[in-house]
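Rule-based calculations on the coordinates, nothing more; no lab input. These figures come from a predicted structure and were not determined experimentally. Cβ: placed from backbone, ideal geometry, glycine included. Neighbour counts: every protein chain shown.
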Amino acid sequence: MSPFGIHDLGLFMLTGLVLNLTPGADTLLVVGRSARGGWRHGAAAALGIGLGCMVHALAAALGVAALLAASSWAFELLKWAGAAYLAWLGLQMLRAALRGPAGEAVAAGAGSAEAGSLRQSLAAGLLTNVLNPKVGLFFLAFVPQFVDAGAASPLAAFLLLGLLFNLTGVGWLLVVAALTARARGRVAPAAARALQAVGGALFVALAARLVAARSPA
């Protein structure tokens, strides 16, 4: 038995890497924030995503995620809150795309308060994860498979696995943020607005998909 109460760590890391490399809402958010505000905003969103995932990992370890799996009303409440937030993000991106160059200049001036806008990017990453019950259910279903049945501290083993999964995910998202920020200045304004529009539409679609999700209870 592993001293950390974990088995098949290599398989866990490989599976986690593949899952983190799969494009989804997190990647889309980081790309959007990096395209609008540069690497620092993308990095802030990535850190927020990591914090949100750790909240779910802790909740799953403490059994809170089991409540989401067993209680249809708890699942529905969090699901609708998450869908509303994703839809709001999507509509904001669509609005920015439709404003055109003049609107972008106004938005850039309004967002010049760097500390505040960085906090917004961090909060966006945090909330997109915390308000998504499917993230909690993922940790509840995936992580326990790699915790030894006789682990001295299952909670510590669970949290360590959650941390390792998040470190891989945040590391990849930081790479995505850097690549997007580097390409940012080379993309024509029309193409940048088109990317915003596509990203906004995808966020609205993700919100609709979340609404359609059924409680496992």
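Here are the numbers:
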read-out	value
Förster radius 25 Å - calculated FRET efficiency between A201 and L21 (Cβ-Cβ, nearest 0.05)	0.60
Interchain or long-range residues, amide H under 5 Å from I6's placed H	D148
Residue order, fewest to most surrounding Cβ atoms within 10 angstrom, among S34, S117	S117, S34
For segment 112-180 and segment 37-91, distance of Cα centres in Å	9
Reciprocal mean inverse distance between Cα atoms of segment 1-94 - Kirkwood radius, Å	15.9
Environment charge of K79, counting only residues whose C-beta is closer than 13 Å and scoring Lys/Arg +1, Asp/Glu -1	+2
Ellipsoid semi-axes in whole angstrom, largest first, where each is sqrt(5λ) of the Cα gyration tensor of segment 124-179	25, 15, 8
Summed residue charge, Cβ within 15 Å of L89's Cβ, Lys/Arg positive, Asp/Glu negative	+3
